[in-house]
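First the structure, in the form of structure tokens, and then the observations on it.
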Amino acid sequence: MEDANSVEGHTNLNSQDQNIPKVGMMFDSEKELSDYFKTYAFQIGFGVRKTSTRTKDCIATTYYSLGCARGGVYVPKTNKPYQKSSKTNCKAKICVIAYGDVRCTISRVFLEHNHALSPRKSRFQRSHKKMDTYAKRRLELNDYVGIPLNKSFHSLVVEAGGYDNLPFGETNCRSYITKVRQLRLGVGYVEALRNYFVRMQKRSSKFFYVIDMDDEGRMQNVFWADARSRAAYESFRDVISFDNTYLTNKYNMSFAPFVGVNHHGQSILFGCGLLSREDIETYVWLFKSWLECMNGRAPKAIITYQCRSMQGAVAQVFPESHHRLCLWHIVKKIPEKLSRLAQYKVIKKTLKTLVYESMDTQEFEDGWCKLVEKYRIEKNEWLHSLFNDRRRWVPVYVKVNFWAGMSTTQRNESMNAFFEAYVNSKNSLRQFVEQYNNALKSKIEKETKADFESLNSSYKLVTGFYFER
């Protein structure tokens, strides 16, 4: 058994060639600092994680920490005994100040670990695993011609001179090839999809589409909207709902529709995307593509579920739009996030009462503070994040804006349920898009029928007053 801070191979922690972090060290960019600290961590024998981010808007300064990957406290998701955890609440870290001109500096340093260090096993740390372009290309080519992945990986091991010299493992290779297979649609599929879009554009010049390709010519994401969806947005752009959690196709690309409400209270589509990832860059690409499609007219309000990447993209692309988080998604998470608390049932009931019955913001905030203090749940990160976001989801805060009767993204859920009658996970991309068009035709027919009924029938009036009519 090794003592805390013991290092395999008797590595000298004070050796100058390891360039130990010191307060005041300046870097030209955050990437340069991150690379430097990861190199140091690799030599010493620990993984790296980024924590504690906050920003001071007035001088565009960001504060955060790069710490040991074993920092933090493990919170078990189940009551099963003997669950593995790498967390030791290790306090080793450096504090970083990143300035608005990209430069950054180390402001504080704490390098004492409470666990053993192992430089020879650094390659197993997640933060140090990386695949170079050559290895990726070799794996792709071998997979394309049918060479089993375990043989491809073994050839890379031999070429590198052993496992110790390879900064990734077989699991990483398998994950990468899985992703490549999902995105490797082939020229035929991509061309068929593009040809379909071109034909649609010839039928209507208002048809809009964008295909996002990666550096190696593979399709990553796609967005399209027909003429009717663009026209409908002109009339009903007050509120849109966006959610991509319900439906995926055979390539594991998530279905991402933009949904609104028409004058009959029906769900209508303002365009659709298929996404291969769910990070902030992908959402920014999709939102910008959609905004271009809609002639730069941002919605007055947008509803999404609670997702940091999505929230960041909305703030970046729709800074003037009112952003609301789906209340249903948040309430649904209460059992998952709080059920391990001793007085869970009372806390849940009190929390729902605060959310649904508070008459003004002061009543909500006072009640929340009393709840947190009474049950000593100040350190619950999920509740803390909810309180920070309260102006985006609690009814008493968001009621001042128009939401077209929506408080959740469940219109997207019903829209996805509707589309499941037309598409499934086995459809090719072209089939998926074609069936999407057929589903739209069905939606149009229902709207036309509602128009007819509205034109040819009316409610019986209770009084004869003009105001009621």
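A short reminder: the numbers here are calculations on the coordinates, not readings from a lab. Computed from a prediction, not measured in an experiment: that's the story for all the values here. Methodologically, a virtual Cβ is constructed for each residue, glycine included, from the backbone with ideal geometry; neighbour enumeration extends over all protein chains shown.
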So how compact is segment 198-317: Cα radius of gyration and Dmax in angstrom?
-> 14.1, 46
Quick one: length gained pulling Glu32 to Ser52 fully straight, 0.36 nm per residue minus the C-alpha distance?
-> 5.3 nm
For segment 235-358, what proportion of DSSP beta bridges, expressed in % and rounded to the nearest 5, is antiparallel?
-> 60
Which lysines, on any chain, are close to Lys374 with Cα under 26 Å apart, when same-chain ones fewer than 8 places away are left out?
-> Lys77, Lys332, Lys333, Lys337, Lys345, Lys348, Lys349, Lys352
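Can you tell me the order of 299-308, 258-267, 119-128 when each peptide is scored by its average per-residue count of other Cβ atoms within 10 angstrom, highest first? Present the calculation step by step, with values, prior to reporting the outcome.
On the way: 299-308: 20.4, 258-267: 17.5, 119-128: 15.6.
Ranking, from highest mean packing down: 299-308, 258-267, 119-128.
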Put a dot 7 Å past each Cα toward the Cβ at Lys460 and Arg277; how far apart are the dots in nm?
-> 6.2
Expressed in nanometres to one decimal, the distance between label points 7 Å along Cα→Cβ at Glu191 and Ser339 is 5.2
Compute the distance in nm between two label points, each set 7 Å from the Cα along the Cα-to-Cβ direction, one at Lys91 and one at Asn401.
-> 4.2
Which value, in Å³ per residue, describes the convex hull spanned by the Cα atoms of segment 129-180?
-> 68
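Restricting to DSSP loop positions (anything but H, G, I, E, B) with no more than 10 other Cβ atoms inside 10 Å of their own Cβ, which GluC sites (Glu not before Pro) remain in segment 314-361?
Details: sites: Glu320, Glu336, Glu357; in loops: Glu320.
Passing sites in segment 314-361 are Glu320.
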With the 8 Å Cα cutoff and a minimum separation of six or more residues, segment 242-384 has a relative contact order in percent of 14
Two-site FRET efficiency, Lys151 against Phe124, from Cβ-Cβ distance with R₀ of 30 Å, rounded to 0.05 = 0.85
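Treat segment 259-339 as a sphere of radius equal to its Kirkwood radius over Cα pairs and apply Stokes-Einstein at 25 °C in a medium of 0.890 mPa s; give the translational diffusion coefficient in µm²/s, rounded to a whole number. The partial results should precede the final answer.
Values: Rh = 14.1 Å.
In µm²/s, the coefficient rounds to 174.
Could you work out Rg/(2.2 N^0.38 Å) for segment 92-163, with Rg from alpha carbons only? Working shown, then result.
Details: Rg = 19.2 Å, N = 72, 2.2 N^0.38 = 11.2 Å.
Expressed relative to 2.2 N^0.38 Å, the Cα Rg reads 1.71.
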Efficiency by 1/(1 + (r/R0)^6): what FRET value for Lys288 and Thr133, r their Cβ-Cβ distance, R0 = 22 Å, to the nearest 0.05?
-> 0.20
Mean projected area in nm² (Cα convex hull; one quarter of hull surface) for segment 322-387 = 4.7
